[in-house]
1. So, Ala11, is that one of a type outside the set (D, E, K, R) and closer than 30 Å to Asp127 by Cα or not?
2. Ala35 passes all but one of (1) small (Gly, Ala, Ser); (2) assigned to a strand (DSSP E or B); (3) at pLDDT below 95; which number fails?
3. Considering only residues that are closer than 14 Å to Ala26 by Cα and among the β-branched types (Val, Ile, Thr), look in the range 93-114 and name the one that is nearest to the chain's Cα centre (by Cα).
4. For Ala11, work out the one condition from (1) of a type outside the set (Val, Ile, Thr); (2) free of Cβ contacts under 8 Å to residues at least 24 places away in the same chain; (3) outside any helix (DSSP H, G or I) it doesn't fulfil.
5. Inside the range 88-124, can you point out the residues that are in a loop (DSSP other than H, G, I, E, B) and among the polar types (S, T, N, Q)?
6. Return the residues of the range 139-185 that are farther than 28 Å from Arg66 by Cβ, β-branched (Val, Ile, Thr) and in contact with a helix residue (DSSP H, G or I) (Cβ under 9 Å, 6 or more places away or on another chain); say none if nothing qualifies.
7. Can you pull out the residues in the range 39-61 that are assigned to a loop (DSSP other than H, G, I, E, B) and either touching a Gly at 6+ places or on another chain (Cβ under 6 Å) or surrounded by 12 or more Cβ atoms within 10 Å (Cβ to Cβ) (or both)?
8. Tell me, which residue of the range 125-138 that is outside any helix (DSSP H, G or I) and among the acidic types (Asp, Glu) is farthest from Ala67 (Cα to Cα)?
Amino acid sequence: MHRVGLTGGIAAGKSTVAARLRRLGAAVIDHDVLAREVVAPGSSGLEAVAEAFGQEVVTVLGELDRAALGAQVFADPMARERLNAIVHPLVTEAAREREAAAVADGSTVVVHDIPLLVETGQAGHFDELVVVDAPPELRVQRLVASRGLTETQAWDRLAAQADDEARIAVADVVLDGSGAVSELEDQVDALWAVWADRHPAGSAR
């Protein structure tokens, strides 16, 4: 089984890479999805977040108010560290369970899609680390266009992550996400072909 860590700066193209790998046959474990699941209504994770950041981060329906929480953590590194200390261990355990299930189902290439892979010290936990990279200015443009953020908010989102040099320094493979989607998918296809040569059974699930 080939374990891959996939990461990249926000709006660099990581989601495109993950989607392509899934279509090619990889088992993709989305840690963003797991991060939402571990703070679902009624969960111990949500209870811990509310205790740390106040009941104002929980809606009247008992759900996590992501906007309220984001207002506290995106511009405050210490608050972000407190949040990570609560959520990341829960996500790690959930990811371990998903990986075991994928392997039991016959998957031979398992990709962990982790936005904060470098920030959480997981760079050495995989057989191969793939980083999707794109210029910061382009990523800000994408965030403003696709998510309705102001430029200031977009730059704050970038600042909340590891800098590009830190990600690239630990990468085994760097994919260029600055071009068209089709260009990025071509790079993924080429990488998949390399994996298939190394792990012949990995070309299909």
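The values are calculated or read from the model by the stated rules, or taken from the named source; none is laboratory data. Everything quoted here is computed from the prediction, not taken from an experiment. Please note: Cβ atoms are built from the backbone with ideal geometry, for glycine as well, and neighbour counts cover all protein chains shown.
1. In short, yes.
2. (2)
3. If we take residues in the range 93-114 being closer than 14 Å to Ala26 by Cα and among the β-branched types (Val, Ile, Thr), then Val111 is nearest to the chain's Cα centre (by Cα).
4. Result: Ala11 passes all but (2).
5. Taking the range 88-124 and keeping what is in a loop (DSSP other than H, G, I, E, B), we get 105-108, 114-122.
Ser107, Thr108, Thr120, Gln122 - these are the residues of the range 88-124 that are in a loop (DSSP other than H, G, I, E, B) and among the polar types (S, T, N, Q).
6. Within the range 139-185, Val170, Val173, Val174 meet the criteria.
7. Answer for the range 39-61, where residues must be assigned to a loop (DSSP other than H, G, I, E, B) and either touching a Gly at 6+ places or on another chain (Cβ under 6 Å) or surrounded by 12 or more Cβ atoms within 10 Å (Cβ to Cβ) (or both): Val39, Ala40, Pro41, Ser43, Gly54, Thr59.
8. Asp127
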